[in-house]
1. Name the trypsin sites (Lys or Arg not before Pro) in region 61-146 that are in a loop by DSSP and that have at most 11 other C-beta atoms within 10 Å, would you?
2. Could you pull out every residue, at least 5 positions away or on a different chain, whose amide H is within less than 5 Å of the one on Leu14? Hs are placed 1.01 Å off N in the peptide plane, and Pro or chain starts have none.
3. List the residues, sorted by chain then number, that are 5 or more residues from Cys94 or on another chain and whose placed amide H is less than 5 Å from its amide H.
4. What is the extension gain from Ile28 to Tyr137, computed as 0.36 nm multiplied by their sequence separation minus the C-alpha to C-alpha distance, in nm to one decimal?
5. When the accessible area of region 45-165 is split by element with a 1.4 Å probe, what percent falls to carbon and sulfur?
6. Under 20 Å from a point placed 7 Å out from the Cα of Glu178 along the Cα-to-Cβ direction: which residues of region 104-128 have their backbone N that close?
7. Give the accessible surface of the chain per residue, rounded to a whole number of Å², with probe radius 1.4 Å and ligands, DNA and RNA excluded.
8. Could you give the length gained by full extension between Ile12 and Val187, i.e. 0.36 nm per residue of separation minus their alpha carbon distance, to one decimal place?
Amino acid sequence: FFPEIIDHHPSIDLVSRGESEWAILEMIERVEQGEDFSDVKNFWVRKNGEIFRNPVRPLEMDLDSIPFPAHDLFYQFPEARHGKIRVIMTARGCPYSCTYCYNYKMKELYQDSGVSHLRHRSVDNTLEEIRYLKKNYPFDLVYFGTDCFTANKDWVYEFCEKYPREFDMKFTCASRPETADPDLMKVLKEAGCFC
């Protein structure tokens, strides 16, 4: 959110802006090939005393195309591996623009993209990650760290139908009053949501 730091700290050569999975991959591939990466979108790059301020690339609309986080790097540490809670993100973005949250700045960054800031993984992709974690790093509780888990009611209803078929673990999530109603709260509770 403050890429201008590159202007004030000569020790900083590279700043990534926005959602950068594909930008980082492109930059690494160019470095491996010995190619210039000063024009890779999402990056501000210092090169030979000049700063290249590249625009952001379009938001990834298909969140299922993004690999799961490198859980093995985190859970190699016993303190993390033996924890009883796993955090899962089901979406990116939020329909709201609260000034105390980062989402309004992300919306500003991508305001000219012409696409919705709020995007969801598929329910099946989310369940696949939970299956993977449960098999490799057993745990007892899922915390859905999504900014507003209930922003897409159709998604929530599908999730609440499928989740308890496979898992009996309790889970927690964040919501807002505008996206919650008694019927939705009932299905969430029946699926295992307790907070």
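The values are calculated or read from the model by the stated rules, or taken from the named source; none is laboratory data. Worth saying up front: this structure is predicted, and the values here are computed from it rather than measured. Backbone-built Cβ (ideal geometry, glycine too); neighbour counts: all protein chains shown. Side chains are part of the model used for accessible areas, which takes the heavy atoms of the whole protein and leaves out ligands, DNA and RNA. Shrake-Rupley method; radii C 1.70, N 1.55, O 1.52, S 1.80 Å.
1. Passing both the DSSP loop test and the Cβ count: Lys84.
2. Sorted by chain and number, the residues that satisfy this are Arg46.
3. The list, which skips near neighbours in sequence, is Leu118.
4. 36.3 nm
5. 53
6. From region 104-128, the list is 104-112, 114-120.
7. 59
8. Computed gain between Ile12 and Val187 is 58.1 nm.
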